Amino acid sequence: MNTDSVLSCNLVQVAACGRIARQWFIFLRIHINASNEMEEKMKKIVKTLTLGCCLLVLAAFQVNASETTAHKPAPAEVIKMLQEGNQRFVNGKSIHPHADSARLIQAGKENQGNHAYATVITCSDSRVPVERIFDAGVMDIFVIRVAGNVVDTDEAGSIEYGLAHVNTPVLVVLGHTQCGAVTAVTDAVQGHGHPLEINIPPLVDNIQPAVERAIAAHPEAKGKDVVPYGIEENVWQGIEDLFMRSPASREMVKSGKAKVVGAIYDVSTGAVNWLPEDKVTTILAKVESDPHRQTQAMAGGEAQHGTTH
Ligand SMILES: [Zn+2]
């Protein structure tokens, strides 16, 4: 049962309680020729019954409301689940959860927002099958895949949907080793680029600042040796681009409702290497002081205080 139907159901119950209490009182007044003292006692009894009835309905509402979120684990628990799933995958001991027909029937009937526990944005690379590498199943992970795991408007919108509407407590920005998109941008920045199809440059332009930072931070690295550093920087770039574009994501992280973590998947071992969590806090603080960050959280408002490009 979703929150809307729980709410409407309980409003009906409250209204019914009120009607019952009024009918009780009318019944008692009509059928019992009571003294004033008796009438006062009856009024007290009816008030007590009404109050009790309402408290019961409120308690029922709280139970129902918590049912929609109670099974969503805390962010730290989600990260542990992802780590354990990846460990099973690496060890060849995947249990392939939530992959049977019963789960499909459940998926057809229920709201994914009551089940999916993580949003993951990663590269389109065929070596990064998200549910497999985390040993997860149907209705477990809200996945966004785009070459180079870049975060432009469409990806930021998808992430906002995952965090705010599918209610996943965790977002993983997942880069991977040997990423072709990061390699192509590294080649271009180093002057070894080649002609690209018309839509690719605007796709990968988000990666360029990451590669430039990697080169600046590691002057000893030459040629392709820059790529692994660029891959990590590109994860941080994705998180920064998300925060720049999405006040909703910033607020969810600040309030503790959601956690954003960076990680890099090793295509040759299957292992997910988790990046330091405090770096996300540093990036968020940097964005919060950036005048170019988006400050309008919701679409459809009148004011556009900040823009991203
Ligand atoms: Zn890639």
remark   = Which of LYS80/LYS254; LYS72/LYS93; LYS80/LYS222; LYS80/LYS286; LYS222/LYS279 exceed 32 Å between C-alpha atoms? The answer is LYS80/LYS222
remark   = Pseudo-spin-label distance ASN199 to GLU251, built 7 Å along Cα→Cβ, given in nm, is 3.3
inquiry  = I'd like to compare 278-286, 194-202, 151-159: which one has the highest average count of other Cβ atoms within 10 Å, and what's the full order after that?
reply    = 151-159, 278-286, 194-202
Theoretical FRET efficiency, 1/(1+(r/R0)^6), r = Cβ-Cβ of LYS109 and ALA74, R0 30 Å, to 0.05 = 0.70
task = Just the number, please: Stokes-Einstein D of region 60-185 in µm²/s, Kirkwood Rh from C-alpha pairs, 10 °C, 1.306 mPa s.
result = 102
ask   = What's the FRET efficiency of ALA99 with ALA285 using the Cβ-Cβ distance as r and R₀ = 45 Å, to the nearest 0.05?
value = 0.65
remark   = Checked region 169-234 against the a/c 1.5 cut and the a/b vs b/c comparison, axes a ≥ b ≥ c from its Cα gyration tensor; verdict oblate
inquiry  = What value in Å³ per residue do you get for the convex hull of the alpha-carbon atoms in region 75-288?
reply    = 126
remark   = For VAL260, the residues 5 or more places away or on another chain with a placed amide H closer than 5 Å to its own amide H are LEU171
task = Pop a pseudo-label 7 angstrom from the Cα along the beta-carbon direction at both SER124 and ALA217 and give the gap in nm to one decimal.
result = 2.7
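Each reported figure results from applying straightforward, stated rules to the coordinates on display, with no laboratory input. Just so it is clear, the structure is predicted and the values come from calculations on it, not from any experiment. Note: ideal-geometry Cβ built from the backbone for every residue, glycine included; neighbour counts use all protein chains shown.
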